[in-house]
Structures are given as structure tokens and as C-alpha cells.
Amino acid sequence: MKSFNIHSHLNKIYAGYPEGTHRPVIGITGNFADGNTCLCDKYYRQIEAAGGTPVIIPPVADKDIIISTLDRIDGLMLSGGSDFNPLWAGEEPVPQLHGINAERDLAELLIIRLAFNRQIPILGICRGMQALAMALDGKVIQDIESGRRQDGKPLPAIKHSQQAENRGEPTHSVRIEKNSVLYSLFNREKIYVNSFHHQAVGICGRHFNVSATAPDGTTEAMESSEHKPVMGVQWHPEWLGDEGLPLFKWLVDNAATFGEAKRLHNQIVTLDTHCDTPMFFPQGARFDRRDNDILVDLHKMTDGRLDAVTMAAYLPQPAEGQTFADVSPYAVESPAAYAGTIFDKIEETVHANPLYLGMARTPDEIAANKAAGRKSVLLGIENGIALEHDIANVKHFARRGVTYITLCHNGDNDICDSAKRSMATHNGVSGFGADVIREMNRCGIMVDMSHAGEKSFYDALDISTAPIVCSHSNCRALCDVPRNLTDDQMRALALKGGVMHVTLYHGFLRNDDGEANILDAVAHLEHAIDIMGIDHVGLGTDFDGDGGICGLADASELINFTMQLLRRRYSHGDIEKIWGGNWMRVMKAVQARE
């Protein structure tokens, strides 16, 4: 019997603790008609049935409201509705265009772009799928009866707008691609769906693959081509009850993982141990805005929930017969002066944004910046030619705040032989190089052997009395190039307490014709864990130094790495080690020797 006594309902809530179980929050874009924001109950009831918490997002284009909303949701569902104004696509309206909904257009396009940049799981339904295409470089056919397929051929006559029929009744079939996420949800190559639309996605764009089509070739579903939880369907699964529920369960499950990743990133330090973004400072790159010319900036770090990054002063290696001035982007007299100029540029950017950025050299400084809401920038040197064959420069750079020096780059220098373009100049580490390593130990600078030849690597292990690091290297067993570490090297590195951080350069992830992606990076990480153990691995992206792969294309996508680890059931403690805990352990051990 229904009780109308509110206290009886409250008593059930307060009978135990906690009061309720957390459910992922799914924002649903509301429709707009006759001055009202509204939503068919089928949308939010399917989210409820899938285990989510539905909230309606009104069509407001104010940036502060949109960002505040996105910061509080775990997943986004784009609901159906009337047509987009074709002017957003640079097109004139065709006569068959129905009524547009100007109140929704800009708000939803902004929501999609900002949610996509934040890696929020997204499900688009009908207009919502078309909105995904409109916002993310695709194309929408204004009217499929008068439109054309992607291949330019006319569409056969199939009625897609069946408003008169029972909306819960399937009215045509769709064919699902067998290698798609959609197929994994339904486990069938053919399903039957309802249909009430006259627009459709014509070109899904570079971020998506077509995953289902109608018999007449109309695109009925698309999903991320970048291993992200983003999908659109042309039919209306909210009306199909249990038959449509798998799509909502997919969204809610991915939202739960995303929410867990967000909470974890709030609790731990996330550190990328190598990027080459300063290489772009001479071209005017701006770290304090979302700059399409660089892969790491303040906006992208925030979107990817990255706390700290080591920015390397990369020194190009002069070829035989060249001087450093011949290859330097700046008009400087020497390699040391060049590194100093790069550090000046980094510090100028940090000091210009004191509320959001802070310099750091120690784990304690990184933690203090995070507690204050600031991102940390650390300094590194890539290529020991910065020392100019002067041992005193080790102490100089330690005082400047440098945390590691990568002893060489591509080509031998006066410190050691390289993994690439080596002439076996020293048969490993030179006598001067041995002095450099010992002085780095004394000054608290980590010895980085990424780029070093195999003999140089073993020499450094023998010479250094502190653990050494490889800030951006991969596994030779999975990608056989000299730049990667053998299993024996990894075992030796772990035995001396060091760490190897997987990098995102495609040529070090795979050496076949395939495009490297986030799954390849995880495979290298897991191989390293199998060989070395969880205490000796991490991530050094090499962003802006040719790093960046499908699914981890820039700093905004780094939370996807955490989501992959969570799906593989890594514990929060292990993820904390991978995301910087291991590196900071070595950093602390090295700096304790100062």
C-alpha cells in the first residue's frame, strides 16, 4: 500500500549508512519547444534502469555554465529533436529541411566539443548522433530522401520517418560491423530498430568509424575510431525497452569508469616524465592557452587531469662538420646558453600564471603545488652536450632546478655512445662521462639513459651509485629497434632500483605498417611490468617530440590511460605508482645524496 507519510520514506533512507549508493551522473541534453525545456521520460528511465543518475542539461550556451556542468557529470547523453540550422555547416537550407531549433544548436555544439576534449563518455541518439558529427568535423545530410550517400550514389527509397507507427515497434533492420563495440553489445550482425528521422550523418569524420548501416546505406551508428567511449545511433533505443538497454548500460558503465578515474586523479600525483614542448617556444607557442600547435598546454593538462610534466630542453645534435650554432633555433653562443634560454622561457610562462602553474624540483614541491591547485613544471635536459665538456656545469644545472639529464640523443657525444647513429666512439660511457655520472649523483640529478646505446646503459648502471632512469623508452621484445630496452636491460635496471617509462612515439611502439594506438602503449607497459615488476614503470609521453598516438594524442587524453588500467583491474595503489609514484621514489633517493 502506498504511504503518504514522508517520515516513513525518510526512515528507510536513514536506516543505514551511507544513505545511498553512488551512481554515475549522466547529463542529458534537454529539448526545447514552446518556451520550455523538456525531455521524454523514456530517456531518463533508461538511464535509471542502466544504473545511472539522470540530470537534464538545459540549452544554455554560457561557457561558465557549460564548464560547471561538465565538471559535475560522468557521462553525457545527447537526446533527439528537431533539425540543426545548416548554416552551422556552411550550407544553405534545402526545401525539405524541417523546423530548426536555434535554442539548442550552439549550446549543444559547445557541450560536445568541451565534453569530447575532457574525454567524457558520450552517447548521441538521432539528432544527438548528428550533433556529434556536426561538432567533430563530420557532415549531416539535411534530408536523406533528397541527399546522397558518402560514395555519391543515390539512396534507395526506404521510409525512415515513421512517426505514425508505435515508437517502440522496430520498423527496419540495421547491419552491425562485426569488429565494433556495438557488435559486442548486441552480439548480432543484424538487429531491428525503430526509425523516425529525415536527416542522417553523411560523413562521420576522422574521430569516428561507421559501425552500423541501414539496408539503403544510411549510416545508423558510429563510434570512436580512437578507442574512446563515444558513440552515436540514429534510431531511438529509449523506446525499445530491454532491447535498447545495452546502449544505456554501455554509457553508464563507461561513465562509472570515468568517474572513478577522475576521483583517483584527484587523490594521486600524475606525472609525465618527458615532453619536448619547449621546442615550439621559438615559433611562438603559448602554454597558457589551448594552442593547436602543441600537444601539452595548461588547458590540455587540465582536461587530461595531469598534475605535473617534465619539460626537456632538447639540444639538437650537430652533424659532423656542423657547430651547435648551425642547428640551434635560437641565436646563442653555446649549448649551455641554449638550455638556459629554454629554461628562461619555461619560467616566464610559469611565473605569468602563478595561480595555475608552479615550478618544482622535488616530490614535496609537486605535492605542495597540487594541494594549492597548481600544475607543476619540472626541468630536464635532453642531450648531455649541454654540459659543454665542463663538469662544473652539472652543479650549475642542479642549482637551476634540473631534475635529470638524458646523457645523449641520436648520435654519440663526449659522454657516451648513442643507441642511434652511433660510431662506437667510446665503446660505452667515456672517461668524462663516468665523471659526469658521479657528479650527477653528488648533485642530486637523475641519470637518464633513454637514447643511450646498450653498452652505455650497462656502464652507467655500474658507475652510478644511485638508481638510474629511462624517462621515455619502450620494450624491444615488442618493437625491435635499438632505442628500446631488452628484457635483460629492464631486469638489470629494476635490480638497481631504477624505472623505465613507456613512451608514445609510434616508431618505438610498433615497427610494422599499423598505426600505433593506446592499446600498444598499454601492451608495452604490461610487458615491462611482467619483466620488472610494478615498482619500476611509468609514462613519459614524448609529446611534442614525435610522441602522440591514437587514443593518447595529446595531454588532454591522458585520463584515457587511467581508464584502460582500471578496466584491466589495476589497483589504485598500482596506478599511483605507474603515474609518478615510482619516479618520485627514485627522485627522492637521488636528491637525498645532495
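The values are calculated or read from the model by the stated rules, or taken from the named source; none is laboratory data. Bear in mind the structure is a predicted one, so any value in this text is a computation, not a measurement. All Cβ positions, glycine included, derive from the backbone under ideal geometry; neighbour counts span all protein chains shown.
Does the range 532-539 contain any residue that is surrounded by fewer than 16 Cβ atoms within 10 Å (Cβ to Cβ), at pLDDT below 95 and more than 18 Å from Cys275 (Cα to Cα)?
no
I'd like to check something: does the range 366-385 contain any residue that is more than 32 Å from the chain's Cα centre (by Cα) and touching a residue at least 12 places away in the same chain (Cβ under 8 Å)? Don't jump to the end; show me each part of the working.
Going through the range 366-385, the residues more than 32 Å from the chain's Cα centre (by Cα) turn out to be 385.
Next, from what is left, pick out any that are touching a residue at least 12 places away in the same chain (Cβ under 8 Å): 385.
Yes, some residue in the range 366-385 is more than 32 Å from the chain's Cα centre (by Cα) and touching a residue at least 12 places away in the same chain (Cβ under 8 Å).
Identify all residues within the range 517-560 that are touching a Ser or Thr at 6+ places or on another chain (Cβ under 7 Å), more than 23 Å from His572 (Cα to Cα) and assigned to a loop (DSSP other than H, G, I, E, B); write none if there are none.
Asp542, Asp544
Return the residues of the range 84-97 that are touching a Pro at 6+ places or on another chain (Cβ under 9 Å) and in contact (Cβ under 8 Å) with a residue 12 or more places away in the chain; say none if nothing qualifies. Give the steps one after another, and end with the answer.
Taking the range 84-97 and keeping what is touching a Pro at 6+ places or on another chain (Cβ under 9 Å), we get 85-87, 92-94, 97.
Matches in the range 84-97: Asn85, Pro86, Pro93, Val94, Leu97.
Restricting the search to the range 378-411, which residues are in a loop (DSSP other than H, G, I, E, B) and either at pLDDT below 95 or over 21 Å from Leu485 (Cα atoms) (or both)? Write out each step before concluding.
Pass one, the range 378-411, residues in a loop (DSSP other than H, G, I, E, B): 383, 388-391, 401, 407-408, 410.
Once the filter is applied, which keeps residues that are in a loop (DSSP other than H, G, I, E, B) and either at pLDDT below 95 or over 21 Å from Leu485 (Cα atoms) (or both), the range 378-411 yields Glu388, His389, Asp390, Ile391, Gly401, Asn410.
May I ask you to list the residues in the range 502-513 that are of a type outside the set (Phe, Trp, Tyr) and either buried (at least 24 other Cβ atoms within 10 Å of the Cβ) or part of a loop (DSSP other than H, G, I, E, B) (or both)?
Val502, Thr503, Leu504, Leu509, Arg510, Asn511, Asp512, Asp513
Scan (1) in a helix (DSSP H, G or I); (2) within 29 Å of Leu70 (Cβ to Cβ); (3) modelled with pLDDT under 95 for the single condition Ala285 breaks and write down its number.
Failed condition: (1).
Within the group Pro246, Pro282, which residue is surrounded by fewer than 24 Cβ atoms within 10 Å (Cβ to Cβ), more than 22 Å from Val25 (Cβ to Cβ) and touching a Phe, Trp or Tyr at 6+ places or on another chain (Cβ under 7 Å)?
Numbers: Pro246 fails: more than 22 Å from Val25 (Cβ to Cβ).
Step by step, each of Pro246, Pro282 is checked, and only Pro282 is surrounded by fewer than 24 Cβ atoms within 10 Å (Cβ to Cβ), more than 22 Å from Val25 (Cβ to Cβ) and touching a Phe, Trp or Tyr at 6+ places or on another chain (Cβ under 7 Å).
This table checks each residue for (1) part of a loop (DSSP other than H, G, I, E, B); (2) small (Gly, Ala, Ser); (3) in the same structural domain as Asn166 (by TED's automatic domain parsing).
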{"position": "Leu182", "(1), (2), (3)": "no, no, yes"}
{"position": "Val210", "(1), (2), (3)": "no, no, yes"}
{"position": "Met222", "(1), (2), (3)": "no, no, yes"}
{"position": "His227", "(1), (2), (3)": "yes, no, yes"}
{"position": "Lys262", "(1), (2), (3)": "no, no, no"}
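Mind telling me which of the residues Ala339, Ala331, Ala312 ends up being under 16 Å from Leu407 (Cα atoms) and either of a type in the set (Phe, Trp, Tyr) or without any contact (Cβ under 8 Å) to a residue 60 or more places away in the chain (or both)? Give the steps one after another, and end with the answer.
Values: Ala331 fails: under 16 Å from Leu407 (Cα atoms); Ala312 fails: either of a type in the set (Phe, Trp, Tyr) or without any contact (Cβ under 8 Å) to a residue 60 or more places away in the chain (or both).
Only one candidate passes the filter, namely Ala339.
Does the range 184-212 hold any residues that are without any contact (Cβ under 8 Å) to a residue 40 or more places away in the chain, more than 19 Å from Gly241 (Cβ to Cβ) and out of contact with any Ser or Thr (no Cβ under 8 Å at 6 or more places or on another chain), and which are they?
Selection gives Ser184, Glu189.
Only one of (1) at positive phi; (2) more than 21 Å from the chain's Cα centre (by Cα) is not met by Asp530, so which one is it?
(1)
Can you tell me which residue within the range 40-56, out of those that are of a type in the set (A, V, I, L, M) and buried (at least 19 other Cβ atoms within 10 Å of the Cβ), is farthest from Leu132 (Cα to Cα)?
So in the range 40-56, the residues of a type in the set (A, V, I, L, M) come out as 47, 49-50, 55-56.
Cutting the leftovers down to buried (at least 19 other Cβ atoms within 10 Å of the Cβ) gives us 47, 50.
Values: Ile47: 20, Ala50: 22 Å.
The selected residue is Ala50.
If I filter the range 330-357 down to residues being closer than 17 Å to Arg399 by Cα and of a type in the set (Val, Ile, Thr), which single residue comes out as surrounded by the most Cβ atoms within 10 Å (Cβ to Cβ)?
Ile342
In the range 5-38, what count of residues is obtained for those that are crowded, with 20+ Cβ neighbours inside 10 Å and aliphatic (A, V, I, L, M)?
2
Being surrounded by fewer than 17 Cβ atoms within 10 Å (Cβ to Cβ), over 23 Å from Gly498 (Cα atoms) and not aliphatic (A, V, I, L, M) is the filter here; which residues of the range 410-426 pass it?
Filtering the range 410-426 for residues surrounded by fewer than 17 Cβ atoms within 10 Å (Cβ to Cβ) gives 410, 420-421, 423-425.
From the residues that got through so far, the ones that are over 23 Å from Gly498 (Cα atoms) too are 421, 423-425.
Arg421, Thr425, listed by residue number.
Exactly one condition in (1) in contact with a Leu (Cβ under 8 Å, 6 or more places away or on another chain); (2) assigned by TED's automatic domain parsing to the domain that holds Thr341; (3) among the hydrophobic types (A, V, I, L, M, F, W, C) is false for Phe281; which is it?
The single condition Phe281 does not satisfy is (1).
Being more than 31 Å from the chain's Cα centre (by Cα) and not aromatic (Phe, Trp, Tyr) narrows it down to one residue among Val181, Val193; which is it?
On the way: Val181 fails: more than 31 Å from the chain's Cα centre (by Cα).
Going through Val181, Val193 in turn, the sole match is Val193.
Results for (1) of a type in the set (Lys, Arg); (2) in a helix (DSSP H, G or I); (3) not assigned by TED's automatic domain parsing to the domain that holds Leu306, shown as yes or no for each residue.
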{"position": "Met500", "(1), (2), (3)": "no, no, no"}
{"position": "Glu515", "(1), (2), (3)": "no, no, no"}
{"position": "Thr562", "(1), (2), (3)": "no, yes, no"}
{"position": "Gly573", "(1), (2), (3)": "no, yes, no"}
{"position": "Arg585", "(1), (2), (3)": "yes, yes, no"}
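Gly81 - would you say it is touching a helix residue (DSSP H, G or I) at 6+ places or on another chain (Cβ under 7 Å), at pLDDT below 90 and small (Gly, Ala, Ser)? So that I can check it myself, show each step before the final result.
Values: touching a helix residue (DSSP H, G or I) at 6+ places or on another chain (Cβ under 7 Å): yes; at pLDDT below 90: yes; small (Gly, Ala, Ser): yes.
Yes: the conditions hold for Gly81.
Search the range 432-456 for residues that are without any contact (Cβ under 8 Å) to a residue 60 or more places away in the chain and assigned to a helix (DSSP H, G or I) and pair each with any residue that is surrounded by fewer than 20 Cβ atoms within 10 Å (Cβ to Cβ) and aliphatic (A, V, I, L, M) when their beta-carbon atoms are under 7 Å apart and the residues are at least 6 apart or on different chains.
Ala434/Ile463; Asp435/Ile391; Val436/Ile391; Ile437/Ile463; Arg438/Ile463; Glu439/Ile391
Does the range 331-371 hold any residues that are within 16 Å of Met301 (Cβ to Cβ), in contact with a strand residue (DSSP E or B) (Cβ under 7 Å, 6 or more places away or on another chain) and not in a helix (DSSP H, G or I), and which are they?
Across the range 331-371, the qualifying residues are Tyr356, Leu357, Gly358, Met359, Ala360.
Of all residues in the range 162-177, which are surrounded by fewer than 17 Cβ atoms within 10 Å (Cβ to Cβ), modelled with pLDDT of 95 or more and either assigned to a loop (DSSP other than H, G, I, E, B) or touching a Leu at 6+ places or on another chain (Cβ under 7 Å) (or both)?
Scanning the range 162-177 gives a single hit, Glu177.
Report whether or not Gly321 is over 23 Å from Val394 (Cα atoms) and modelled with pLDDT under 95. Show your work before the answer.
Details: over 23 Å from Val394 (Cα atoms): yes; modelled with pLDDT under 95: yes.
So Gly321 fits the description; yes.
Can you tell me which residue within the range 146-161, out of those that are modelled with pLDDT of 75 or more and touching a strand residue (DSSP E or B) at 6+ places or on another chain (Cβ under 7 Å), is farthest from Gly241 (Cα to Cα)? Walk me through how you get there before you give the answer.
Going through the range 146-161, the residues modelled with pLDDT of 75 or more turn out to be 158-161.
If we keep only those that are touching a strand residue (DSSP E or B) at 6+ places or on another chain (Cβ under 7 Å) too, we end up with 158, 161.
Details: Ile158: 24, Ser161: 20 Å.
Here the answer is Ile158.
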